[in-house]
Structures are given as structure tokens and as C-alpha cells.
Amino acid sequence: MSKKDDTHWKTKLNEEQYRVLREKGTEAPFSGEFLDLKEDGMFHCAGCGAKLFDSETKFDSGTGWPSFTDAIPGAVNFEEDRSHGMKRTEVTCAKCGGHLGHVFDDGPEDKGGKRYCINSCALDFKEK
Ligand SMILES: [Zn+2]
């Protein structure tokens, strides 16, 4: 990341968003504003505004983070994450590279078996 980019993100994002999106942090469970949101709409990247998740794919995983069974096709990238002694798959915004969360294979089986575990503060919500 260039210095210019870093200044851009520090201006655009609040402290928590910067920590999650740019430094791969994780918000505290059950703290996010979108956890229990059930309205119809679209979740966008809080960094660049790209469409990431449709509310139709959102489900209650009980983990404390907004969870989705699928992302908008092509909207996210996947990267292997071996931090904290675990092997996980990191989910990033395909447009700006911001860290969103992780994807796991223990989601609802009738919806494809994926669980996208995403930080609320990495998202913006636009009601339909
Ligand atoms: Zn983005």
C-alpha cells in the first residue's frame, strides 16, 4: 500500500473500519450494527462502495458476526490466511482489496454449505 493510499483510507474510514479493512482486524462479536438486520437490500464495501452481499443470502449463524451463504459473483477475492495458528480463507473486496472477514465450510447445507463471516464495520447497507 502506498503512502498516498494510506492517507486516503485514514481520511475516508473511521478508526474501527481502518483497523478491519486495511489492517485485517476483527470487530468484537455481537458488536456490529448489521448483525440482526433483516431488511431487504444490498451490502456494499465500506471502503469503495462495491456491491458485496445480497440480504437474501444473510442468515443467523449465532457466531456474533453478520453471516452470508454467498457473495455477489466476482465481488470478493479469496486468500489463504495462516495467522493465529489457524488455516482459514480470508475474504477481501475484489475492487479495493479491503479485508472483509473469512469464509468457512460449515454454513447451511441446503444453501451450498458456505458461511461468510463478515465484519459489520466493513459493510455499508442500502435498503431495497
Ligand atoms: Zn472495496
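Where a number appears in this text, it was derived from the coordinates with a stated rule and is not lab data. Computed from a prediction, not measured in an experiment: that's the story for all the values here. Virtual Cβ from ideal backbone geometry, glycine too; neighbours counted across all protein chains shown.
Annotations for the structure displayed:
- Rounded is the label for region 22-128, because a/c, from the alpha-carbon gyration tensor with a ≥ b ≥ c as root eigenvalues, stays below 1.5.
- Counting only Cβ charges, +1 for Lys and Arg and -1 for Asp and Glu, the dipole size of the chain around its Cα centre is about 560 debye.
- The chain: calculated mean residue ellipticity at 222 nm from DSSP helix runs of at least 4, using -39500 (n - 2.57): -3500 deg cm²/dmol
- Taking amide H positions as modeled 1.01 Å from N, with prolines and chain starts lacking one, the residues under 5 Å from Val76 and 5 or more places away or on another chain are Ala94.
- Using a cutoff of 8 angstrom between alpha carbon atoms and counting only pairs six or more residues apart, the relative contact order for the chain works out to 28 percent.
- Compared with the dominant principal axis of the Cα atoms in the chain, helix 3-12 is inclined by about 60°.
- Peptides 108-119, 75-86, ordered by how many other C-beta atoms sit within 10 Å of their residues on average, highest first, read 108-119, 75-86.
- Electrostatic dipole magnitude of region 17-90 [Cβ: Lys, Arg +1; Asp, Glu -1; Cα centre; debye, to 20]: 340 debye
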